[in-house]
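Structure, as structure tokens:
The values are calculated or read from the model by the stated rules, or taken from the named source; none is laboratory data. Because the structure is a prediction, the values reported are computed rather than measured. Please note: Cβ atoms are built from the backbone with ideal geometry, for glycine as well, and neighbour counts cover all protein chains shown. Keep in mind that these areas ignore ligands, DNA and RNA; they rest on the heavy atoms of the full protein, side chains included. Shrake-Rupley method; radii C 1.70, N 1.55, O 1.52, S 1.80 Å.
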Amino acid sequence: MGKSTDFNRTLVTAALPYANGPVHIGHLAGCYLPSDIYVRYLRSTGSDVKFVCGSDEHGVPITIKAKNEGVTPQEVVDKYHELMRDTFKEFGISFDIYSRTSSELHHKTAAEFFKKLYDKGSFEEQITEQYFDESANQFLADRYIVGTCPKCRNENAYGDQCESCGISLNPTDLINPKSKLSGQPPVLRKTKNWFLPLDKLQPDIQTYINKHSDWKTNVFGQCKSWLESGDGLQPRAMTRDLNWGVKVPLKDAEGKVLYVWFDAPIGYISATKELLPNDWEKYWKQKDSRLIHFIGKDNIVFHCIIFPAMLMQHGEFILPDNVPANEFLNLEHDKLSTSRNWAVWLHEYLNDFKDKQDVLRYVLCANAPESRDNDFTWKDFQARNNSELLAIFGNFVNRTLVLTHKFFDGKVPEVSEYTKEDLSTLEEISKFPEKISHSLEEFRFREALAELMNLARLGNKYLADNEPWKLIKTNEIRVKAIINISLQITTNLAILCEPFLPFTSVRIFSFLKIQPLNWMHAKRTDNLTSGHTIGKEELLFEPIEDEAILFQTEKLAATKKTNVSINKSLMIQKPETSFDDFGKMDIRVATILEAEKVPKTDKLLKLKIDTGIDVRTIVSGIATWYKSEEIIGRKIVMLANLAPRKIKGIESQGMILMAENPDGELSFVSPEKMSALNGAIVK
């Protein structure tokens, strides 16, 4: 693994987020915050670094979202691209460009990349059997198919990967596959696609991975597992039978688009082209450039095996030098889930906690899932703000500024002599830039942040040990040295905290009334000159009260209650039945002729029903939801051959079919208007 100083320039990418929903704290902790910290650090050191990202707008989740919302895929990606771009910016993620894969430039770049590999003979054309949804009349991309994982028995595995155990899958590996479009079992039909023969490329990929044994353990270990388990790598289709995505640039590829994991990483290239139309090749093709991908652990195989294989086959590009991948962040001891709304959404956080971007940045970095899954809780969020940012970091800066104004009218005092303790403190201060740099170069962001806080702790201890508020009456010369050194620590905190807490850094520099300084200045202890006048102090951080945390925990409790209700009411399937048993049920259309309340009951209605074959009485417990006068003349669906039984002394001859929502609300399964005649059989 190289260091930033080993290269003339660095290109940093952050995984392209799907444009089908907002950003949540799991996304931030996984790759966006660590990549931003790293890039801000490199900029401060004077390194030539570019930071690119953008919306992944061609994934199957986009088309599923569009179908569910009854809109076009373009409408979905336009909405969420704008939301993600704006919230990233407000949170301080400092991309040099935030692009999108629906752009014309990206489509051209991806198509040209594919054509280059095709012309070189890198693909194998295969006619294979792919799953087809007969109801939707289309072939199914991998993520349109769900089923049971053959390894861990997760019942919600996708056709390309099980997100529970991480294994890569082909759709035909799934047990009991179903289409996400119709919910029906798909059938196999023949179709032609172009495959990247990863099995034949495995030796080159193996050599590449072995050169990076110093990668993070979770990344290197997962790569070795892919390469060494079972039969090793297998060919993977780089095209799909879909109508949303980058069209395959071949004459005989009508109705096909590029596989999203072929298309998406090329988005890094097209974004760099958009940012630097004349110089982009320097960052992608010159050997003195360094490429670093920041990702979450679920994307390791795509960035460490598939994309490098594509780059190797192309032949003109450098390969990733490092792929720092974090593990997953949980929320209140439960896995983050978009579908269950179990998340802290960034745009909601920014609304609920005005001007507290750095508090969340601090907490997510201090608790980052760097080597194992970690947990975010609102109580920990509050504690870290109040006990660390406020009580340690903010307290030192505030005390220093207050004392400077109180004793020296806001002017930096001149030092005439230092004690041994002063000199020792100054020496310690000068070591922190190197300590933090070392941790950041190794992608140990929690460790780097801890060192930053240690500098603030050193400042607090220095003030507490020397007690300038007592000495000022007897030894002003000594107090001048104490305050000067404290101000130098404050300045260095402003420099060193910028990658982690950029908004705080800006505020401290404004308090000090100096322009922001770069990393090299943090090695010095004379950044503030004697006689310089600083500004008035303000609190850097405010306490977060219990009420704010209670609001957030109650919101999550309500979400959990809803999820539990849905799980109980909608997700539990009854035991399997046979077609023969189903065939015994006589389900038919009928009309309600009369309706009246059953005396001495709250829920029961006595109904006279025209079944098309007779007129009969049914007692139904729907009075809570429907008034008798409202349903006369309504078409319904009923079970006609249910054995009669007496209810409140009335013989009920059948059962109306109703749908029950999680809250217990009942609704008729038929629409208001139904063209079927009374007696029509429901099959």
Legend entry - 3J(HN,Hα) from dihedral phi, segment 38-49, Karplus parametrisation 6.51/-1.76/1.60, rounded to Hz, x for glycine, proline: 5, 5, 4, 4, 4, 4, 5, 7, x, 6, 7, 9
Legend entry - Computed helical MRE - 222 nm, the chain, DSSP H runs ≥ 4 contributing -39500 (n - 2.57), nearest 500: -12000 deg cm²/dmol
Inset, instruction - For THR239, list long-range residues whose amide hydrogen, built 1.01 Å from N in the peptide plane, is under 5 Å from its own amide hydrogen. - result: TRP194, TYR259
Legend entry - Chain lengthening between MET655 and GLU82 when straightened (0.36 nm per residue, less Cα-Cα): 201.2 nm
Inset, instruction - Compute the signed sum of charges (Lys and Arg +1, Asp and Glu -1) over the other residues within less than 15 Å, Cβ to Cβ, of SER439. - result: +1
Legend entry - Gyration tensor (alpha-carbon) shape descriptor, the chain, a/c threshold 1.5: oblate
Inset, instruction - Choose one of GLY232, GLN74, LEU181: the residue whose Cα lies farthest towards the positive end of the charge dipole of the chain (beta-carbon charges +1 Lys, Arg; -1 Asp, Glu; about the Cα centre). - result: LEU181
Inset, instruction - Using +1 at the Cβ of each Lys and Arg and -1 at the Cβ of each Asp and Glu in segment 262-372, identify which of LEU336, ILE295, LEU276 lies farthest towards the dipole's positive end. - result: ILE295
Inset, instruction - Please give the contour-minus-distance gain from THR72 to GLU414: 0.36 nm per residue of separation, less the Cα-Cα distance, rounded to one decimal in nm. - result: 116.4 nm
Legend entry - Sequence-distant residues sharing a close amide H with ILE622 (under 5 Å, placed H): LEU605
Legend entry - Residue-count net charge about PHE328 - beta-carbon cut-off 11 Å; Lys, Arg +1, Asp, Glu -1: -2
Inset, instruction - Mind listing the long-range amide H neighbours of ALA157? Cut-off is under 5 Å, sequence gap 5 or more, other chains count too, H placed in the peptide plane at 1.01 Å from N. - result: GLY147, CYS149
Legend entry - In sequence order, calculated HN-Hα J values of segment 476-490 (Karplus, 6.51, -1.76, 1.60; Hz; x Gly/Pro): 5, 4, 5, 5, 4, 5, 4, 5, 4, 5, 5, 5, 5, 4, 4
Inset, instruction - May I ask you to evaluate 6.51 cos²θ - 1.76 cosθ + 1.60, the Karplus curve with θ = phi - 60°, for each residue of segment 450-463 and list the ³J(HN,Hα) values in order in whole Hz, giving x for glycine and proline? - result: 4, 5, 4, 5, 5, 5, 5, 5, 4, x, 4, 5, 4, 5
Legend entry - Overall form of segment 75-232 per C-alpha gyration tensor (a/c, 1.5; a/b vs b/c): rounded
Legend entry - Packing rank of 336-347, 463-474, where each peptide gets the mean count of other beta carbons within 10 Å, highest leading: 336-347, 463-474
Legend entry - Within the chain, percent of DSSP bridges classed antiparallel, to nearest 5: 70
Legend entry - Mean accessible surface per residue for segment 423-579, computed with a 1.4 Å probe while every protein chain stays in place, in Å²: 52
Legend entry - Whole-number percent relative contact order across segment 162-243, with pairs defined as alpha carbons under 8 Å at least 6 apart: 32
Inset, instruction - If a cysteine in the chain has no other Cys Cβ under 4.7 Å from its own Cβ, put it on the list, ordered by number. - result: CYS31, CYS53, CYS223, CYS304, CYS365, CYS497
Inset, instruction - Using only the Cα atoms of segment 102-182, build the gyration tensor, take square roots of its eigenvalues as a ≥ b ≥ c, and label the shape rounded, prolate or oblate: rounded if a/c is under 1.5, else prolate if a/b is larger than b/c, else oblate. - result: prolate
Inset, instruction - Please work out the FRET efficiency for the pair LEU677 and ARG153, using the Cβ-Cβ distance as r and a Förster radius of 45 Å; give the result to the nearest 0.05. - result: 0.45
Legend entry - Accessible surface of the chain [probe 1.4 Å, protein heavy atoms]: carbon and sulfur percent: 49
Legend entry - Crossing angle, helix 217-228 versus the chain [Cα axis fit, 0-90 degrees, rounded to tens]: 50
